[in-house]
Amino acid sequence: MVANQTDQDRQYIRLQESLGYRFQKPSLLKLALTHRSYIPEANHELQDNERLEFLGDAVLELVISDLLYRRFGNRYKEGDLTKMRAYLVSETRLVILARELDLGQYMLIGKGEERCGGRTRPSILADAFEAVVGAIYIDGGFENAYRFIKSKFQDLLASAPQKGLTIDYKSRLQEMTQKRYHSLPDYKLVEMQGPDHDRLFKVSLYFENRQISQGIGKSKKEAEQQAARAALKYFQENLVRNGFG
């Protein structure tokens, strides 16, 4: 953690050079890098980065949607574009970009979180990247946010059809539940039917001790994939109504 304000200013200047954007209000960048665990330890009033993360998430999805539409809109259907977007804005991708910018070293985090490896925690890094996007949007407007996102995702866009359309349902479900609820689904084999050469497997998927879906396949892995696929549809359709929102 930076020792004093002068050191902090110098670090933020270096970070802005890496971002390719100079803040008119550097305090917004500091806010984007302030984790909620730091607030109780601060000697002065501070806010955490969660509202900027909320905003940055929306800006990021809009810009990525626009980039995908312009590049692939005449070749792929809406469902495929949605899958590509999910691949690009997944926690895994955001963590990679956050590490390239070394955001972890600039974070203001609490001592307890620091001891637990918070500077390298994927969820914290992904949230910080989204918060930085939100901060750039507030500070410099949509055009600057668009320019920043485009520069960071330019190389990834080319691989979106190949990787985004083949991503497995289990990975997509895990990333969604981990990001939104900080919890993971659990798969349980509940039944096997048929002879060895033609066996069917049935798997139940549980989330927070509630059965969400089931899947059937000719292997346990296939059954888990089908259960995850059904769970993704369930979450998309029933988040608020079933109390998960």
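Just a few scattered comments:
- Any chance Tyr38 is in contact with a strand residue (DSSP E or B) (Cβ under 8 Å, 6 or more places away or on another chain) and either assigned to a helix (DSSP H, G or I) or without any contact (Cβ under 8 Å) to a residue 12 or more places away in the chain (or both): yes
- Checking the stated criteria, Gly79 turns out to be without any contact (Cβ under 8 Å) to a residue 12 or more places away in the chain and not hydrophobic (A, V, I, L, M, F, W, C).
- Any hit, segment 70-84, residues being within 20 Å of the chain's Cα centre (by Cα), surrounded by 15 or more Cβ atoms within 10 Å (Cβ to Cβ) and in a loop (DSSP other than H, G, I, E, B): no
- Each residue in segment 167-221 was checked for being basic (Lys, Arg) and either closer than 20 Å to Arg85 by Cα or without any contact (Cβ under 8 Å) to a residue 12 or more places away in the chain (or both), and 6 of them qualify.
- For Glu45, the conditions (1) surrounded by 13 or more Cβ atoms within 10 Å (Cβ to Cβ); (2) outside any helix (DSSP H, G or I); (3) acidic (Asp, Glu) are fulfilled apart from (1).
- Counted residues, segment 91-125 - those being surrounded by 20 or more Cβ atoms within 10 Å (Cβ to Cβ), small (Gly, Ala, Ser) and at pLDDT 90 or above: 1
- Of the residues making up segment 88-106, those that are touching a Ser or Thr at 6+ places or on another chain (Cβ under 8 Å) and outside any helix (DSSP H, G or I) are Leu101, Asp102.
- Candidates Leu88, Leu52: the one that is surrounded by 14 or more Cβ atoms within 10 Å (Cβ to Cβ) and modelled with pLDDT under 95 is Leu88.
- Only a single criterion out of (1) among the small types (Gly, Ala, Ser); (2) in contact (Cβ under 8 Å) with a residue 40 or more places away in the chain; (3) closer than 23 Å to Pro40 by Cα is not satisfied by Ser90, namely (3).
- Cβ pairs under 8 Å, 6+ apart, first in segment 222-235 and assigned by TED's automatic domain parsing to the domain that holds Glu175 and free of Cβ contacts under 8 Å to residues at least 24 places away in the same chain, second among the aromatic types (Phe, Trp, Tyr) and surrounded by 20 or more Cβ atoms within 10 Å (Cβ to Cβ): Glu222/Phe201
- Every residue from segment 55-85 that is among the polar types (S, T, N, Q) and modelled with pLDDT of 90 or more: Ser65, Asn74
- One residue from Ser171, Ser204, Ser159 being closer than 30 Å to Glu17 by Cα and polar (S, T, N, Q): Ser159
The values are calculated or read from the model by the stated rules, or taken from the named source; none is laboratory data. All figures in this text were calculated on a predicted structure; none of them were measured in a lab. Quick reminder, even Gly has a Cβ in these numbers, built from the backbone with ideal geometry, and neighbours come from all protein chains shown.
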